[in-house]
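Taken together, the values in this text are just the output of simple stated rules run on the coordinates, not laboratory data. Please read these numbers as outputs of a predicted model, since none were measured by experiment. Methodologically, a virtual Cβ is constructed for each residue, glycine included, from the backbone with ideal geometry; neighbour enumeration extends over all protein chains shown.
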Amino acid sequence: MIQIFTAGGTIDKVYFDASSEFEIGDSLLPELLAESNIHGGYRIDGLLRKDSLDMTDTDRSRVREAVERCDAGRVLITHGTDTMPETARSLLRVKDKTIVLTGAMQPARMRRSDAVFNIGFAWAAVKLLPAGVYVAMNGEVFEAGSVHKNRKAGRFEKA
């Protein structure tokens with residue numbers, strides 16, 4: 001069984017109209033998993049509904065505590081991309097679990113989102129990688145502590 005935690009971020013953002021800003025909505029994760037042809041073997045729990053730029057050390061502690069408490073040896077976390085590397089680093093204290101963080105550069109509700117691909121890729125990563133903490137984005141896997149988001153290029157890179 002794979003434990004999935006949702007923490008918000010762009011993957012779950014909703015845009016209402018031209019005069020409003022993006023807001024974090026209900027997670028589309030069940031739909032994204034189904035679209036990726038993943039139908040079971042997981043449990044989903046929502047932890048946060050935050051833009052990652054608004055995440056605090058307290059929020060990261062909450063994520064870490066949830067991962068430590070869960071009985072699953074494999075954990076997938078959806079997270080905003082801006083501070084995903086920081087949360088990944090904060091999870092390095094968790095031992096004997098495979099933890100993979102992923103997200104999207106465009107909201108899952110948008111036609112040209114990378115969300116479905118990233119979820120499918122992260123699913124494979126969490127099932128195959130040894131114990132450790134990883135960021136899986138856009139076909140690349142990075143170890144926690146050795147990745148950063150290149151905002152200008154719109155991608156993750158080895159730090």
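Annotations for the structure displayed:
- In the chain, the calculated helix contribution to ellipticity at 222 nm averages -7500 deg cm²/dmol per residue, counting -39,500 (n - 2.57) for every DSSP H run with n ≥ 4.
- Size of electric dipole in the chain: Cβ of Lys, Arg +1 and of Asp, Glu -1, about Cα centre, debye, nearest 20: 440
- With kT/(6 pi eta Rh) evaluated at 37 °C and eta = 0.692 mPa s, and Rh the Kirkwood radius from Cα pairs, the stretch 70-159 diffuses with a coefficient of 253 µm²/s according to Stokes-Einstein.
- Fraction of beta bridges assigned by DSSP in the stretch 63-156 that are antiparallel (%, nearest 5): 40
- For the stretch 2-158, the alpha carbon positions stretch 46, 32, 27 Å along the principal axes, listed from largest to smallest.
- Rounded to the nearest 5, the antiparallel percentage of DSSP beta bridges internal to the chain is 35%.
- Local net charge near G132, Cβ-Cβ under 13 Å (Lys/Arg +1, Asp/Glu -1): +3
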